[in-house]
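Before any comments, here is the structure.
Each value in this text was obtained by applying a stated rule to the coordinates, not by laboratory testing. Every value quoted in this text rests on a predicted model; they were computed, and no experiment measured them. Positions of Cβ are backbone-derived with ideal geometry, glycine not excepted, and every protein chain shown enters the neighbour counts.
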Amino acid sequence: MDVKIAIRTFDPGHQMSSSEQRALFELAMLAPSAWNIQHWCFVLIDEPTLRQQLQSAAANQAQVCDAAMLVVIVVDLMAWQDNPARYFDTSPAEVADVLGAKVLDFYADNPTLARDDAMRSCGLAAQTLMLAATVMGLATGPMDMFDEQKVAHLLNLPQNHVPAMFVAIGHAREENGLPRAGRLAYDEIVINNRFSAQSPYPTP
Ligand SMILES: Cc1cc2nc3c(=O)[nH]c(=O)nc-3n(C[C@H](O)[C@H](O)[C@H](O)COP(=O)(O)O)c2cc1C
């Protein structure tokens, strides 16, 4: 099975309905996230002028303007601090409070882990969005070649929010640029139990 998920040339004449877009967002919202924090916002860019401004902030990549749908996935790096009991709202209130306190404790002294988990979670949200679109017969293209500061300014991002990724969605044009890049060898990627060389990590 071959699923090509990184498309760069889109049909600029294709349009998507708001109900199609909503269906995609509702599926992407089901993505897993660390502690169910759901660190993301999905910013739907449908103003042509803003698309053009984002395109110039993103190395003039054609898909930013050509795709029927452009989503900027924005990560809230401090979502873990934002009343975390609310991430467990299907639990009894006293359980949600305990779990919320655990979240605060988990990240309090570890901003690197907090950022890693936020970005990991947004990566999964992006992939969930892309797979949902693929199932709906659409093409997708992830991007992170953009100027973070310019994008943050254009989208009026609140404090502690940064753009994690763009996802372009639409119909692929038939001539679809370069053939897909090759993949590394199976045995380099799939490791059985542990690496064989001496590890630099000491016994904990
Ligand atoms: C985090 C991330 C950022 C990416 N940024 C871009 C980008 O800015 N522009 C682009 O054309 N492709 C981008 N890609 C797509 C990759 O280049 C692509 O997945 C990879 O080259 C494999 O290509 P293939 O799916 O055609 O085999 C990005 C992919 C990821 C996961």
All positions within the stretch 33-70 that are of a type in the set (Gly, Ala, Ser) and within 16 Å of the ligand (Cβ to nearest atom) | SER56, ALA57, ALA58, ALA59, ALA62, ALA67
Is there a residue in the stretch 1-23 that is part of a helix (DSSP H, G or I), within 16 Å of the ligand (Cβ to nearest atom) and buried (at least 18 other Cβ atoms within 10 Å of the Cβ)?
-> no
Output the qualifying pairs, or none if there are none: Cβ atoms under 8 angstrom, residues six or more apart or on different chains, first residue in the stretch 168-187 and touching a residue at least 40 places away in the same chain (Cβ under 8 Å), second residue of a type in the set (A, V, I, L, M) and within 9 Å of the ligand (Cβ to nearest atom).
-> ALA168/ILE7; ALA168/MET143; ALA172/ILE7; ASN176/ILE7; ARG180/ALA6
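Tell me, which residue of the stretch 141-186 that is part of a helix (DSSP H, G or I) and either touching a Pro at 6+ places or on another chain (Cβ under 7 Å) or not basic (Lys, Arg) (or both) is surrounded by the fewest Cβ atoms within 10 Å (Cβ to Cβ)?
At the first step, the residues of the stretch 141-186 found to be part of a helix (DSSP H, G or I) are 148-154, 186.
Okay, now just the ones that are also either touching a Pro at 6+ places or on another chain (Cβ under 7 Å) or not basic (Lys, Arg) (or both), so 148-149, 151-154, 186.
On the way: GLU148: 13, GLN149: 11, VAL151: 20, ALA152: 17, HIS153: 12, LEU154: 18, TYR186: 7.
Filtering the stretch 141-186 for residues that are part of a helix (DSSP H, G or I) and either touching a Pro at 6+ places or on another chain (Cβ under 7 Å) or not basic (Lys, Arg) (or both), the one surrounded by the fewest Cβ atoms within 10 Å (Cβ to Cβ) comes out as TYR186.
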Checked VAL43, VAL64 against criteria (within 30 Å of ASP89 (Cα to Cα) and surrounded by 15 or more Cβ atoms within 10 Å (Cβ to Cβ)); the one match is VAL43
Being within 29 Å of the chain's Cα centre (by Cα) and among the aliphatic types (A, V, I, L, M) is the filter; apply it to the stretch 178-199 and report the residue that is farthest from the ligand (Cβ to nearest atom).
-> ILE191
Condition test on THR128, is it of a type in the set (Val, Ile, Thr), touching a residue at least 12 places away in the same chain (Cβ under 8 Å), surrounded by 15 or more Cβ atoms within 10 Å (Cβ to Cβ) and not in a strand (DSSP E or B)?
-> yes
Residue that is farthest from ILE169 (Cα to Cα) [pool: residues in the stretch 1-28 that are out of contact with any His (no Cβ under 9 Å at 6 or more places or on another chain) and without any contact (Cβ under 8 Å) to a residue 40 or more places away in the chain] | MET1
Please work out which one of (1) within 16 Å of the ligand (Cβ to nearest atom); (2) loosely packed, with under 15 Cβ neighbours inside 10 Å; (3) assigned to a helix (DSSP H, G or I) is the condition GLU26 fails and give its number.
-> (1)
Any hit, the stretch 29-52, residues being touching a residue at least 40 places away in the same chain (Cβ under 8 Å), touching a strand residue (DSSP E or B) at 6+ places or on another chain (Cβ under 8 Å), more than 16 Å from GLN127 (Cβ to Cβ) and not in a helix (DSSP H, G or I) = yes
Any chance the stretch 153-169 includes a residue that's within 16 Å of the ligand (Cβ to nearest atom), farther than 20 Å from ALA118 by Cβ and not hydrophobic (A, V, I, L, M, F, W, C)?
-> no
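Counting only residues that are among the small types (Gly, Ala, Ser) and within 25 Å of ASP11 (Cα to Cα), which one in the stretch 138-163 is nearest to the chain's Cα centre (by Cα)?
By that ranking, first place goes to GLY141.
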Those residues of the stretch 55-82 which are assigned to a loop (DSSP other than H, G, I, E, B) and touching a helix residue (DSSP H, G or I) at 6+ places or on another chain (Cβ under 6 Å) amount to ALA58, LEU77
